[in-house]
Amino acid sequence: MLKKTLFVLGLIITLGLVLFFLISTKSAQFKAMSETEELAVPPPSTVSTFIVEEQTWGNSLTAVGTIEPVQGVELEAEIPGIVKAINFKNGQSVQAGDLLVQLDVQVEQAQLNAAESTARLAQVELDRSKRLIETGSVTQSQLDKAIADYENSKANVENLKAVIARKTIRAPFAGEVGIRQINLGQYVAQGAPIVSIQANDQVFVNFTLPQQALAKVSTGMDVDLFSDVYPEQSFAGTITAISPQIDPITRTVELQGTLDNPDGLLRAGLFVRVSVRLPEKNVVTVVPATAILYAPYGNSIFIVEEATNEAGEPAGLKVTQSFIRVDAHKGDFVSITKGLKVGDKVVSAGAFKLRNGAAVVINNDLAPQAELTPTPDNS
């Protein structure tokens, strides 16, 4: 019995010593890991920077607009007929008065020939009556009838000439024709479309602005046009008309600008962005748009500063987060009205991975160049 008790007691002591050894060992390991973590410092992040600067921005009002031709129509058949001749090619440039389409006028031409013969006979009868009335051979009523017959035959000739002219379709002005809607031998009804013609040497741009802008704009102001069709090119013109009324539903006012278009690049119906240049200019504090961290609780930016250690000695660079107030955008830049001053060095690329007080190193070799009028390759 005594031996059994001593055995159990020895086993308990042995297990306690093993457990104590394990706990001591793990405690020492955890303490060492904690001390290592406290001493560990994350490596500095690599960022690109930008020196906050002032720029002079011209004020402008922006809108979207549509190109309209100064002269442009869809030619239609005034009277029905059979297409006898088509004297143009699709997309061809034409001059005012050029014959475009001739409808069949064979019947009208024959009627005109007969009417002209009748008119000549009426002229002869009228001349004879004028001579004979002086001798009393004809009465005044016979002379009046001869005059009426002549006038009637002459009007009939003019009527037939007008019918032939309406079947002879000419270019009303110089311009460029579109794609024809007819074919040779086709019967066209009255009002049927034939072809469009546009004069593109000069074009209008129609756009609208909010009623609040009415006091800022006037005729003669410069406008700039931009189109996705020509991403590297802008077009300049002037405001030539402002609508005298404001739309009561949208509370907008319609404006029209005029632009020279010698190369014909701006075509009717083209969607464009319009910028109206205002005379006043503003001096603004700007940073690249990539430097701003946008958040629901407020927009912020990281300012790069010199860091010091506990002894007050230089210890590299760190960042300080500053909340800002943004204003207008222009190109790659954003104007800042609060939270920055000219000369501050801010993080322009790589800000998304930073936190307040983080250490950084600067590498501007691959930093994108911010521009007021950027023209990206994929625009």
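The values are calculated or read from the model by the stated rules, or taken from the named source; none is laboratory data. Worth saying up front: this structure is predicted, and the values here are computed from it rather than measured. Virtual Cβ from ideal backbone geometry, glycine too; neighbours counted across all protein chains shown.
Against the definition (part of a strand (DSSP E or B), more than 15 Å from the chain's Cα centre (by Cα) and either without any contact (Cβ under 8 Å) to a residue 12 or more places away in the chain or surrounded by fewer than 16 Cβ atoms within 10 Å (Cβ to Cβ) (or both)), how does P248 come out, yes or no? Walk me through it before giving the result.
Values: part of a strand (DSSP E or B): no; more than 15 Å from the chain's Cα centre (by Cα): yes; either without any contact (Cβ under 8 Å) to a residue 12 or more places away in the chain or surrounded by fewer than 16 Cβ atoms within 10 Å (Cβ to Cβ) (or both): yes.
No; evaluated as a whole, the condition is false for this residue.
So for segment 195-218 (the condition being outside any strand (DSSP E or B), charged (D, E, K, R), surrounded by 13 or more Cβ atoms within 10 Å (Cβ to Cβ) and not assigned by TED's automatic domain parsing to the domain that holds F88), does at least one residue qualify?
Initially, segment 195-218 is screened for residues outside any strand (DSSP E or B), giving 211-218.
Of the ones still in play, those that are also charged (D, E, K, R) are 216.
Then drop every residue that is not surrounded by 13 or more Cβ atoms within 10 Å (Cβ to Cβ), which leaves 216.
Cutting the leftovers down to not assigned by TED's automatic domain parsing to the domain that holds F88 gives us 216.
Scanning segment 195-218 turns up at least one residue that is outside any strand (DSSP E or B), charged (D, E, K, R), surrounded by 13 or more Cβ atoms within 10 Å (Cβ to Cβ) and not assigned by TED's automatic domain parsing to the domain that holds F88.
Output the qualifying pairs, or none if there are none: Cβ atoms under 6 angstrom, residues six or more apart or on different chains, first residue in segment 280-299 and aromatic (F, W, Y), second residue in a strand (DSSP E or B).
none
Based on what the data block shows, is L259 closer than 25 Å to S93 by Cα and surrounded by 14 or more Cβ atoms within 10 Å (Cβ to Cβ)? Explain how you work it out, then say what you get.
Details: closer than 25 Å to S93 by Cα: yes; surrounded by 14 or more Cβ atoms within 10 Å (Cβ to Cβ): yes.
Yes.
Looking at (1) modelled with pLDDT of 85 or more; (2) farther than 30 Å from F333 by Cα; (3) of a type outside the set (S, T, Y), find the lone condition where L2 falls short.
(1)
Would segment 303-316 turn up any residue that is in a strand (DSSP E or B), surrounded by 12 or more Cβ atoms within 10 Å (Cβ to Cβ) and on the phi > 0 side of the Ramachandran plot? If you could, list the steps in order and put the result at the bottom.
Let us first name the residues in segment 303-316 that are in a strand (DSSP E or B), namely 303-308, 314-316.
If we keep only those that are surrounded by 12 or more Cβ atoms within 10 Å (Cβ to Cβ) too, we end up with 303-305, 307-308, 315-316.
With the extra rule that they be on the phi > 0 side of the Ramachandran plot, the set shrinks to 316.
Yes, the conditions are met somewhere in segment 303-316.
Give just the number: which of (1) surrounded by 12 or more Cβ atoms within 10 Å (Cβ to Cβ); (2) in a helix (DSSP H, G or I) does V334 not satisfy?
If we test V334 against (1) surrounded by 12 or more Cβ atoms within 10 Å (Cβ to Cβ); (2) in a helix (DSSP H, G or I), just (2) comes out false.
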